[in-house]
There are 4 protein chains.
Amino acid sequence: MAVRAAVAGASGYAGGEVLRLLLGHPEVEIGALTGHSNAGQAFGALQPHLLPLADRVLEPTTAEALGGHDVVFLALPHGQSAAVAEQLGDDVLVVDMGADFRLEDAADWERFYGSAHAGTWPYGLPELPGARAALEGSKRIAVPGCYPTAVSLALFPAYAGGLAEPEAVIVAATGTSGAGKALKPHLLGSEVMGSMSPYGVGGGHRHTPEMMQNLGAVAGEPVTVSFTPTLAPMARGILATCSAKAKPGITAEDVRAAYAKAYADEPFVHLLPEGRWPATASVHGSNAVQVQVAYDATAGRVIAISAIDNLTKGTAGGAVQSMNIALGLPEDTGLSTIGVAP
Amino acid sequence: MAVRAAVAGASGYAGGEVLRLLLGHPEVEIGALTGHSNAGQAFGALQPHLLPLADRVLEPTTAEALGGHDVVFLALPHGQSAAVAEQLGDDVLVVDMGADFRLEDAADWERFYGSAHAGTWPYGLPELPGARAALEGSKRIAVPGCYPTAVSLALFPAYAGGLAEPEAVIVAATGTSGAGKALKPHLLGSEVMGSMSPYGVGGGHRHTPEMMQNLGAVAGEPVTVSFTPTLAPMARGILATCSAKAKPGITAEDVRAAYAKAYADEPFVHLLPEGRWPATASVHGSNAVQVQVAYDATAGRVIAISAIDNLTKGTAGGAVQSMNIALGLPEDTGLSTIGVAP
Amino acid sequence: MAVRAAVAGASGYAGGEVLRLLLGHPEVEIGALTGHSNAGQAFGALQPHLLPLADRVLEPTTAEALGGHDVVFLALPHGQSAAVAEQLGDDVLVVDMGADFRLEDAADWERFYGSAHAGTWPYGLPELPGARAALEGSKRIAVPGCYPTAVSLALFPAYAGGLAEPEAVIVAATGTSGAGKALKPHLLGSEVMGSMSPYGVGGGHRHTPEMMQNLGAVAGEPVTVSFTPTLAPMARGILATCSAKAKPGITAEDVRAAYAKAYADEPFVHLLPEGRWPATASVHGSNAVQVQVAYDATAGRVIAISAIDNLTKGTAGGAVQSMNIALGLPEDTGLSTIGVAP
Amino acid sequence: MAVRAAVAGASGYAGGEVLRLLLGHPEVEIGALTGHSNAGQAFGALQPHLLPLADRVLEPTTAEALGGHDVVFLALPHGQSAAVAEQLGDDVLVVDMGADFRLEDAADWERFYGSAHAGTWPYGLPELPGARAALEGSKRIAVPGCYPTAVSLALFPAYAGGLAEPEAVIVAATGTSGAGKALKPHLLGSEVMGSMSPYGVGGGHRHTPEMMQNLGAVAGEPVTVSFTPTLAPMARGILATCSAKAKPGITAEDVRAAYAKAYADEPFVHLLPEGRWPATASVHGSNAVQVQVAYDATAGRVIAISAIDNLTKGTAGGAVQSMNIALGLPEDTGLSTIGVAP
């Protein structure tokens, strides 16, 4: 019996990516595709890479259109998910790819998003301690942000293992799809090709409190995060370069052992052999995470670097992985660790 | 019972791509991976995007290594396939992704490749008239060149329908992976990013006689091809812009009808609705071909444009599609029409 | 005594490029910078690469702002130049980088632009026969389109020399800056990176009649043009691949000789030595044109390829070159043939 | 009377860039162009963007070829500059764009470069305290590394002003030209386009001791540097994201004031207005440095970001700027603060 899935916000990048994955998911049948300003348009004109859906028409995002599905994926602007979710009923699995239900602290939400906090749902990063148990059987999932996914997976073994001081410094490069399809001048091809530039510098990026929440939970103490995102001339991918001072007495072997243990049984996280480093191209279009870690004895820092596809593991792949857990399916159903490279 | 497949030349781009597809093929089990200068190296260092094969080691390309498989894919430099194929026996399906067995005319081969002609094998472009019948049950397959794939699928309905004069003008842009992993200065990232440049201008490209062979066969008369390839700043994709003078009395409706008929039942070729044009990003990583055609009344020309992924439909996807036919499997097994975009 | 220059439309790509060149022009002093929707903004926020103008403020495009200059460059949307030019007086040199005054045939204008024809000004492509004489002392200049610049310089020696049949087939790739700073979804970085796509196929591009006008004038007979533009994943550059059937009896030597003669004394057009081909990276940011030509004996065609920077020689550099001629300055003042590569 | 300049290593990226700048330098006449493996080749085939030098021929790098010039620029592999410099005589200005004479500490050199230390020359980063005085009249100049240029200019005001703790964390993205024209698989266009990847992680990059030397000198105490370089999909540019814990009691105003003071009179360093951030595209091909700084109160860190063109200010532009000082010319002769964008 197929799981029937709808996608709200199907014309954007997150919506397109979850459909790309669901089209290859053996247990899922794709139902309604809804949108806002593009409703009524042929889907083939909106997402020309999804040929099997080319003849579909985008419907408006309404309770009627989204009703009657087993799973509804929400790829909506921040602050709009709660109202839609309320209309869907408690027996429908709602997977929110927006930010609305990620943060536990209402004050954090209000400070970074400027609206009332809608609540907190089970967090869709199964690799974090305790996350799988919370997702099993759940009818609500908050998919993590793309940067928090890359950063948490790069750093949590260091904090879970008590290896690092609670002040992390993170510089991450993202492909432009992370900014969505919004028509902004700085996202034009002419502007981004051949250019690297930072944004949200100095603590202002909305993903910062989510990283602090995740790292603090595994560290057992508050972790301060200095986070600088940069826009890179590529469509997809996040490379997160993360570091923190090592706790006294830590050795390179301690660091390696902690990461090897943390990821020994994870289906999607691949700790690279020593001497090799992640590249975003290697995980292009895949749900894999490539991680490497080093101990810089001169600077006394643990340096952990991860590469993910921001749209796959960073958004839609993480959503499908969490859906699989919630529905009791094998966690990797419909997901791949194979990148499309070169 | 799984089909056991080996890949000779597994460390290059064609070899890597066929492995990417075979890893997702439900009927195939991957056997030996062989190479030349990289033999002995960890496969994870050579093809880091193929995580499930990361712990494999590249073997030397020998009859011993390649023996005992049901299918052997050859991704070797031109001129080396015949010797390897001879050693493999007539009961093994040999799929040659090189040029050695594509051309029917020995003089063409000798003029463009400068060595003795090895022969002609059934041609792995199933969409051409008669091609599927020749592939069924065959133990030898010559996979087409990437440009001839894009060009033949753009133009054959025009020639099959008697719409176009036998002088085609073709300008195609390719991603750099079409040139392979060869260490040449003009293929360095610093040289190709931000630059378009032609090569092999004036009839010198080796794919020209293959295009003439394919188009001439469907036209029923010799077709002259003026072919100019250009190198584009992208890793994958071919956009082939093809045109020819329309035969007298031809209308835009005639053109549209011929293409609609030719591709009505093809699983991988998608004739776009009028007003939409192909983009290589839409077929990135997929076996799909996007085609559009127009009739320019002022210039009196039929203009047909196709977009493919040079590594997938243009090489490894075409190889797997043809293998499926040869083995009696459903033609689209393990293949997708869904691109990885944006 | 400095030439005082104003730029209307200074916040766009053409306006920015003409300012980049004028900042290095020893005879020019930069006056008013005007714009429309961005008026009132700091220029440093609009064109952050033009550091010497960072503290300027964009003024509204009015007769007052533009008055009192020796030269006014117009980088305005099509159809707006005539009204502005009328207000400026006959003693001011007006250089229109838009399309309004390029076409001689009013019917062509109306068919392709859908408004009343404003007239025809001396055409700013000095390399064409007779063009320099028309520009000398002129107070009005129509700067050619970027594609007509590339195509006319690739093909005019073939038509001037009577080498080619009057049916040209042209496929050109352009960088995204050719489409301007307009906020359109298909121009987003996520869409253009890694993708080649055609547009305006089948005779619909507005630059087609301009090419026919230029080539017909030198051929002495009407020349039909089949023109297919494609969008390439780079910010700047045009590579124009142009061909036509050779007239009977033409040899490769005839072709080479005609091009060598045509460009022997041109300061900006460089006919490459045999065996080398143009690349857009080589002319990045420069006013140079790189041209190569071949005779394909099998197809019986002359194939001429040019590379320009669409914003420099294709727009603002051509404008400054023509301004120099109009003002009696050395033609290459403030212009360079040196590209910024790699 | 023109300054006559030779370039050893003229076929590489650094050599080509210094020639690009010297061609526009009003006081310089270009003499010998020498190389190693490419000697005897037409320069137009090696550096096709430098049209005025297209007809030159590359000579072998010998004392004869380099003799008789006022200035000799060395763009040689590490370790080869000393032997060449010795042959040139004390009255010739030798500008070494390699690493040989940058480090003051012989042990640092031996540890990172594995050969005997050749010595220390006046350091060509004029913006550092005391650097201009050392360069004036000097006959030897050690041009800084590209990363140390970007990092030192981002951070030195913080250390000169006593604002930051002596532990800097730096993540920098570079264009691929920073790795030179070496034929290495990971530098192929197919590999770098669409990909971000780190290298030399954990303290191993050779530019680390040079950064520590520069920052320690202005801080008056040893500064530890954790440096992670990453390779970005662009040909040129460095974006350096640098941070350090703020000293106790420091405010955002203190930070801003220190940077404003440090760069008030610098011709090439532009401290951006608050709210704007550097982009490498804005300095493409220019000698400008764009710097911005923020104080992250939550993390307690000073975050300073700089953008340079690695080949211009990061190599050849810095070399010409220093040459100007050494020769008593205005420091900005032949150099520009205007980027080629978009």
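The values are calculated or read from the model by the stated rules, or taken from the named source; none is laboratory data. Only a predicted model underlies this, so the values are computations on that prediction, with no experimental measurement involved. We place every Cβ from the backbone using ideal geometry, glycine too, and count neighbours over all the protein chains shown.
List of remarks:
- Residue list for the stretch A:287-301, restricted to those being surrounded by fewer than 20 Cβ atoms within 10 Å (Cβ to Cβ) and either more than 8 Å from every other protein chain (Cβ to nearest Cβ) or among the aliphatic types (A, V, I, L, M) (or both): A:297
- Residues in the stretch A:184-196 that are buried (at least 24 other Cβ atoms within 10 Å of the Cβ) and under 25 Å from the mean Cα position of the chain (by Cα): 6 in all.
- For the stretch C:273-286, the set of residues classified as over 19 Å from residue B:192 (Cβ atoms) and within 11 Å of chain B (Cβ to nearest Cβ) consists of C:274, C:275, listed by residue number.
- Restricting the stretch D:249-271 to residues that are closer than 16 Å to residue D:302 by Cα, outside any helix (DSSP H, G or I) and out of contact with any Leu (no Cβ under 9 Å at 6 or more places or on another chain), the residue that is nearest to the other protein chains (Cβ to nearest Cβ): D:271
- Looking across the stretch A:319-342, the residues that are at negative phi, out of contact with any helix residue (DSSP H, G or I) (no Cβ under 6 Å at 6 or more places or on another chain) and surrounded by fewer than 20 Cβ atoms within 10 Å (Cβ to Cβ) come down to A:327, A:329, A:330, A:332.
- Count of residues meeting criterion [in contact with an Asp or Glu (Cβ under 7 Å, 6 or more places away or on another chain) and of a type in the set (Ser, Thr, Tyr)] in the stretch B:184-207: 0
- The combined condition, being at the interface with another protein chain (Cβ under 9 Å from one of its Cβ atoms) and in a strand (DSSP E or B), is not fulfilled by residue D:304.
- Search result, residues across the stretch C:126-154 that are more than 24 Å from residue C:89 (Cα to Cα) and of a type outside the set (Ser, Thr, Tyr): C:126, C:127, C:128, C:129, C:130, C:145, C:146, C:148, C:150, C:151, C:153, C:154
- Subset tally (residues that are more than 12 Å from chain B (Cβ to nearest Cβ) and in contact with a Gly (Cβ under 7 Å, 6 or more places away or on another chain)) for the stretch A:319-342: 4
- Some residue of the stretch B:214-226 being buried (at least 21 other Cβ atoms within 10 Å of the Cβ) and either acidic (Asp, Glu) or farther than 20 Å from residue B:144 by Cβ (or both): no
- Residue within the stretch D:310-318 that is within 26 Å of residue D:198 (Cβ to Cβ), surrounded by fewer than 22 Cβ atoms within 10 Å (Cβ to Cβ) and either facing chain A (nearest Cβ under 10 Å) or not aromatic (Phe, Trp, Tyr) (or both) present: no
Rundown of residues vs (1) at pLDDT below 95; (2) in contact with a Gly (Cβ under 9 Å, 6 or more places away or on another chain); (3) charged (D, E, K, R); (4) under 15 Å from residue B:151 (Cα atoms), yes/no style:
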site: B:194; (1), (2), (3), (4): no, yes, no, no
site: B:197; (1), (2), (3), (4): no, no, no, no
site: B:202; (1), (2), (3), (4): yes, no, no, no
site: B:244; (1), (2), (3), (4): no, no, no, yes
site: B:254; (1), (2), (3), (4): no, yes, yes, no
site: B:258; (1), (2), (3), (4): no, yes, no, no
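- Residues satisfying the stated conditions in the stretch D:288-301, i.e. among the hydrophobic types (A, V, I, L, M, F, W, C), within 15 Å of the chain's Cα centre (by Cα) and not in a loop (DSSP other than H, G, I, E, B): D:289
- Condition met for residue D:237 (under 20 Å from the mean Cα position of the chain (by Cα) and modelled with pLDDT under 95): no
- Test: residue in the stretch C:114-125 that is over 27 Å from residue C:63 (Cα atoms) and in contact with a Lys or Arg (Cβ under 9 Å, 6 or more places away or on another chain): no
- Criterion (of a type outside the set (D, E, K, R), away from chain C (no Cβ under 14 Å) and within 14 Å of the chain's Cα centre (by Cα)) met by exactly one of B:129, B:148, B:77: B:148
- Candidate set from the stretch D:1-46 (those that are aliphatic (A, V, I, L, M), touching a residue at least 40 places away in the same chain (Cβ under 8 Å) and more than 12 Å from chain C (Cβ to nearest Cβ)); member that is surrounded by the fewest Cβ atoms within 10 Å (Cβ to Cβ): D:3
- Residue satisfying all of: in the stretch D:267-286; small (Gly, Ala, Ser) and under 18 Å from the mean Cα position of the chain (by Cα); farthest from residue D:253 (Cα to Cα) among these: D:285
- Residue, surrounded by the fewest Cβ atoms within 10 Å (Cβ to Cβ), within the stretch B:250-286, restricted to residues that are free of Cβ contacts under 8 Å to residues at least 24 places away in the same chain and farther than 21 Å from residue B:215 by Cα: B:275
- A single member of D:279, D:304 is in contact with a Phe, Trp or Tyr (Cβ under 8 Å, 6 or more places away or on another chain) and closer than 29 Å to residue A:175 by Cα, and it is D:304.
- Residue check, residue D:171 within 20 Å of the chain's Cα centre (by Cα) and closer than 19 Å to residue D:103 by Cα: no
- If the condition is being over 20 Å from residue A:316 (Cβ atoms) and of a type in the set (Asp, Glu), then the stretch A:259-292 contributes A:265, A:274.
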